1. If a residue counts only when it is within 20 Å of the chain's Cα centre (by Cα), which helices (runs of 4 or more DSSP H) contained entirely in the stretch B:103-197 have at least 2 such residues?
2. Identify, please: which residue in the stretch A:43-61 is under 22 Å from the mean Cα position of the chain (by Cα) and facing chain B (nearest Cβ under 7 Å) and is, among those, nearest to B:E253 (Cα to Cα)?
3. Looking at the stretch B:99-116, which of its residues are open to solvent by 80 Å² or more (accessible area, probe 1.4 Å) and either within 14 Å of B:P307 (Cβ to Cβ) or of a type outside the set (S, T, N, Q) (or both)?
4. Restricting the search to the stretch A:145-158, which residues are farther than 15 Å from A:T37 by Cα and more than 11 Å from chain B (Cβ to nearest Cβ)?
5. Only one of these conditions is not met by A:A102: (1) open to solvent by less than 20 Å² (accessible area, probe 1.4 Å); (2) within 8 Å of chain B (Cβ to nearest Cβ). Which number is it?
6. Can you say whether B:L162 is touching a residue at least 24 places away in the same chain (Cβ under 8 Å) and open to solvent by 30 Å² or more (accessible area, probe 1.4 Å), as far as the supplied structure shows?
7. Search the stretch B:257-269 for residues being open to solvent by less than 20 Å² (accessible area, probe 1.4 Å) and of a type outside the set (A, V, I, L, M), and hand back the single one that is farthest from the other protein chains (Cβ to nearest Cβ).
Amino acid sequence: MHEVLHHLGYLAGGLGTTLELSLLGFAGAVVLGTLLTVMRVSPILPLRVLGTLYVEVFRNVPLLAFLVLFVFGLPDAGITYSLFTSEAICLALYFAGYVCEAVRAGINAVPVGQAEAARAIGMTFGQSLALVILPQAFRTMVQPLANVFIGVVLSSSLGAAVGVSELIGRTQWLDLQYDEPVPTFLLATVGYVLITLAVGLLAGRLQKRMAVRR
Amino acid sequence: MIPQKNGNRSARGRERGIGAGGGGGAIGVGGGGRGRGRGGRRGMAAAGTALALAGALTACGGGGSSSLPSSPGGKSGAGKPSAYTQAQVVAAAPVAPASAITAGSWMAKVKKRGTLLVGGTDSSAMFSQRNPVSGQLEGFDAGLSQMLAKYITGKPATKLSLVTVDTRETMLQNGTVDTVFATYTITPQRAQKVAFAGPYYESGDAILVKAGNSTITKPADLNGKTVATEGNSTAALDLKKFAPKAKTLLFQEDGECVAAVKQGRADAYVLDQGILLGDVVSDPQLKVVGQPFTQEPYGIGLPKADPEAKAFVNAWLKTIYADGEWAKLWKATVGTKIAGSPPAPPTIGSADGS
């Protein structure tokens, strides 16, 4: 226990990597996920089908399997990213499916009258989506997106299995050295809880400020 | 199975697995409901391929028959009178006298059940690997566990439960398995949780690199390099000691570490020499350099709650050391990949923790 506490700085570094991974992965997922939603609500059938397929494929593959494929499969095809980049990309690609579903639910929460009104004043599909529907949709999505972010944070721990030295990776290293699984993993748990609690609190505040009163 | 082919197949599987998502998109453009149905199935196929790949990765470097690149004299055992198969060695193995099985002991429980519950692996070349054709477990660990089962029950009946470095101690402690044969390095920390008979084999950490690499020949050369090893293996700590400036990558499986070296993510891979030799046997792209730089005494894991088990298994080890059965088994398993005559068996109790 005593030795483990000596390595708090080392663990904090891992927490930093976890945060970096999560933020990059989440940002990518939001951009790609929103794009997927636009595809799925668009009037063009092939785009809708493609969007649906993407979401179904990625939601039906375990993230770990996807990570292993990405890290060890792609180099055989001649493409090698660093382990950190690989994991950030995987998180973004994987959670884009979940973001897409959250955004779609948000769009469904916007009353149909809004879309009809936008059409009635002559807006195109793009204009009504960008100016009328998505701004209202995003305001109802704070909590669902916060949940996706928490998912990204917790899933980033899978990186330890493919050699990324994030919080769990460093915890396992300390455990290996001192054979003290309980204190090391307790510390790691505290790290994750700190991040997710902060996200939850922040999301609650944002939601209150942004809610559309109808 | 010819290992080279195995490698190709897993590479092709990988391409297919990645292609499945895109291909599904193209096919699905048929129509709403049907497209979705296909999409679901495609997703499952992709998941299946992914799992198959994960399996292929762990099974990398499967039991080949070619000789080691570094040992031209490869199969020196062939033709000599000592060339037994594993099955022959086990068939000739001794059975314990009835007086050795005291009532109510660990041995008596095993004898009553008629089967030895073994914790191990089925993907470790030379030590315990399932032959895909016969379904039999082949290797030094597998052969020893069969000999121990025969010693107790009169027939080589074992039942394998797969264990990992994380679960070995727990499965012994809670009685899921009677014993663990899994290239299990004896350490004082582990000995606090389980009892170790043996050591029955001496290995040590060695270095695996690409065949064309000539800059790494000893542990000190690893400083400043990226080195892969299995997380939770003792090698990760040894690396810290022998090459403190090396950048360590921890992967879960042997196959992943090998892939990391082949793909250039890591400059080298450090683990027990026996396991590394198993990896390079089937792969001309890789080689093992230098001699082992640590000592890894392998022990037979036994429950600490049954103290009589350790003395009993140690007595059995002494028997097969003395009558040459141990050496014959070495020749039939590890000896098919490493040239030369069998080493002298390690002294029982010589390892710290045994």
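1. On the way: elements: B:106-113, B:140-153, B:168-173, B:188-191.
The qualifying helices (runs of 4 or more DSSP H) are B:140-153, B:168-173.
2. By that ranking, first place goes to A:V61.
3. Filtering the stretch B:99-116 down to residues open to solvent by 80 Å² or more (accessible area, probe 1.4 Å) leaves B:99, B:103, B:109, B:111-113.
Of everything in the stretch B:99-116, those that are open to solvent by 80 Å² or more (accessible area, probe 1.4 Å) and either within 14 Å of B:P307 (Cβ to Cβ) or of a type outside the set (S, T, N, Q) (or both) turn out to be B:A103, B:K109, B:K111, B:K112, B:R113.
4. First, the residues of the stretch A:145-158 that are farther than 15 Å from A:T37 by Cα: A:146-158.
The answer is A:A146, A:N147, A:V148, A:F149, A:I150, A:G151, A:V152, A:V153, A:L154, A:S155, A:S156, A:S157.
5. For A:A102, the exception is condition (2).
6. Values: touching a residue at least 24 places away in the same chain (Cβ under 8 Å): yes; open to solvent by 30 Å² or more (accessible area, probe 1.4 Å): yes.
So B:L162 fits the description; yes.
7. So in the stretch B:257-269, the residues open to solvent by less than 20 Å² (accessible area, probe 1.4 Å) come out as B:257-261, B:266, B:268-269.
Then drop every residue that is not of a type outside the set (A, V, I, L, M), which leaves B:257, B:269.
On the way: B:C257: 9, B:Y269: 12 Å.
That would be B:Y269.
Each row is one residue, and each column tells you yes or no for (1) small (G, A, S); (2) crowded, with 21+ Cβ neighbours inside 10 Å.
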site: B:T217; (1), (2): no, no
site: B:D221; (1), (2): no, no
site: B:K240; (1), (2): no, no
site: B:A246; (1), (2): yes, yes
site: B:L250; (1), (2): no, yes
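The values are calculated or read from the model by the stated rules, or taken from the named source; none is laboratory data. Since the structure is predicted, the reported quantities are computational estimates derived from the model, not experimental observations. Positions of Cβ are backbone-derived with ideal geometry, glycine not excepted, and every protein chain shown enters the neighbour counts. With ligands, DNA and RNA removed, areas are computed over all heavy atoms of the protein, side chains included. Shrake-Rupley method; radii C 1.70, N 1.55, O 1.52, S 1.80 Å.
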